[in-house]
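Single-structure report; data block below.
The values are calculated or read from the model by the stated rules, or taken from the named source; none is laboratory data. The model shown is predicted, which means the values in this text are computed figures rather than measured ones. Counting neighbours? That spans all protein chains shown, and the Cβs are built from the backbone with ideal geometry, glycine included.
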Amino acid sequence: MEKNDVIGCAEQALLHTYNRYPIVLDHGEGMYLYDTDGKKYLDFAAGIAVCALGYGNEAYGNALKDQIDKLLHVSNYYYTEPVMEAGVKFVKASGMDRVFFTNSGTEAIEGALKAAKKYAYTRDGQAGFEIVAMEHSFHGRSVGALSVTGNAHYREPFLPLMDGVRFARFNDIESVKEQVTAKTCAIILEPVQGEGGIYPADPMFLQQVRALCDEKDILLIFDEIQCGMGRTGKMFAWQYYGVKPDILTTAKALGCGVPVGAFAMTERVAEKSLSPGDHGTTYGGNPFVCAAVSKVFDLFASMKILENVEKTGAYLTKVLDRLAAENDCIKERRGMGLMQGLEFDRPVGQIIARCQEKGMLLINAGSNILRMVPPLIAAPEDVDRMAQILQEAIR
Ligand SMILES: *Cc1c(COP(=O)(O)O)cnc(C)c1O
């Protein structure tokens, strides 16, 4: 089929919730995607921070194929080996004690919010609890997740949302304290804000929020759906900061392409939280996606992904700082590891379009911020190539 026919037919059939780029992608290899005309794109978007292993990883593909031949789905009424393995590996890598696998990041947030409410309900014997969330946060599009998302534009048409959510300023402990009441059961935040524009938390802020939570028996929820799974150079951002949450969510790179997320908690929380009948999912964490999760953890270890993020991330930081210094239109570089943003003095749509023409995929995070969340296999040579294309696009 001709490219324009694919685009035309897709536009007729699909609900228009995205303004898609006029590219029809076909297959991938390593750091590169190929469209149906055979044009090659260096990928610094990774399907929105999902494809950590890049494209066409053979061991990953074979693990999926083997599981397809065996068993895709049985529901959560039964045990399977892949689900057990994914659970054991997740708990070990995250430092949490118990995990629940979901179909998406949004559903991981829903589970985390319910877990926090149930904890407080068990403790106090009554309901009516509040959540404190951050301005410019992003936690997902379902009603619960949208309720804690600090972006008026996403929320407005869907009001009223979930009751009892108060917003504080990120990296401002006084603002958080102002929003905490006797009814607060949890504080939810992204250690590195993603969609909101790549804003890392100040280490001191996280320590202060942790102390506040400890003092008042409030649960701290870290949304590591984007910044978790190696992006910062640690498996989870909390390990980078040394501030441990009570509840952790992740998704995106967890399955490296299959739809899977997770929320996890410490034993202390689990003892008073969700129990049989409180929560469930039909698909969530089925043997197929868990075979992927299990293989992802193995490959992160055997491919030394975290070491690579540290090395390439440090190089990316240096290269982006240089670009920022040399181009007046770039106001600031922010981020860590392989999760970085460049803030421009103008909307970045045109720059993204020119990069596509020149064979590179990038995405934004807010209108003026170019977001870089490449596969975690990126090498310094890929960073050089990216910088070269981006510099040409800026010119
Ligand atoms: C992407 C994202 C979500 C939502 O995840 P989905 O898989 O799209 O439902 C939630 N929180 C953060 C921080 C995200 O980056």
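Summary table
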| quantity | calculated |
| --- | --- |
| Enumeration of residues in segment 97-115 that are out of contact with any helix residue (DSSP H, G or I) (no Cβ under 8 Å at 6 or more places or on another chain) and away from the ligand (no atom under 16 Å from the Cβ) | none |
| Counted residues, segment 255-300 - those being closer than 11 Å to ALA115 by Cα, crowded, with 22+ Cβ neighbours inside 10 Å and of a type outside the set (A, V, I, L, M) | 2 |
| Residue match in segment 71-80 (condition: touching a helix residue (DSSP H, G or I) at 6+ places or on another chain (Cβ under 7 Å), more than 16 Å from the ligand (Cβ to nearest atom), of a type outside the set (Val, Ile, Thr) and under 26 Å from CYS185 (Cα atoms)) | no |
| Filtered residues of segment 152-185 (kept if touching an Asp or Glu at 6+ places or on another chain (Cβ under 8 Å) and of a type outside the set (D, E, K, R)) | GLY164, VAL165, PHE167, ALA168, PHE170, ASN171, THR181, THR184, CYS185 |
| All positions within segment 187-216 that are part of a strand (DSSP E or B), more than 18 Å from GLU174 (Cα to Cα) and among the aliphatic types (A, V, I, L, M) | VAL192 |
| Pair list, Cβ < 9 Å and 6+ apart or interchain, from segment 103-114 residues that are outside the structural domain of LEU274 (by TED's automatic domain parsing) to residues that are more than 10 Å from the ligand (Cβ to nearest atom) and in a helix (DSSP H, G or I) | none |
| Matching residues in segment 76-96 - criterion: being of a type outside the set (Phe, Trp, Tyr) and either closer than 17 Å to ASP278 by Cβ or at pLDDT below 95 (or both) | ASN76 |
| Residue in segment 191-232 that is surrounded by the fewest Cβ atoms within 10 Å (Cβ to Cβ), counting only those that are within 12 Å of the ligand (Cβ to nearest atom) and of a type in the set (D, E, K, R) | GLU195 |
| Spans of strands (runs of 3 or more DSSP E) in segment 233-344 with at least 2 residues more than 16 Å from the ligand (Cβ to nearest atom) | 330-336, 339-344 |
| Tally of residues being more than 15 Å from the ligand (Cβ to nearest atom) and either within 24 Å of ALA262 (Cα to Cα) or among the hydrophobic types (A, V, I, L, M, F, W, C) (or both) across segment 131-162 | 6 |
| Per-region count, segment 167-203, residues farther than 28 Å from ARG371 by Cα, of a type outside the set (S, T, N, Q) and without any contact (Cβ under 8 Å) to a residue 60 or more places away in the chain | 6 |
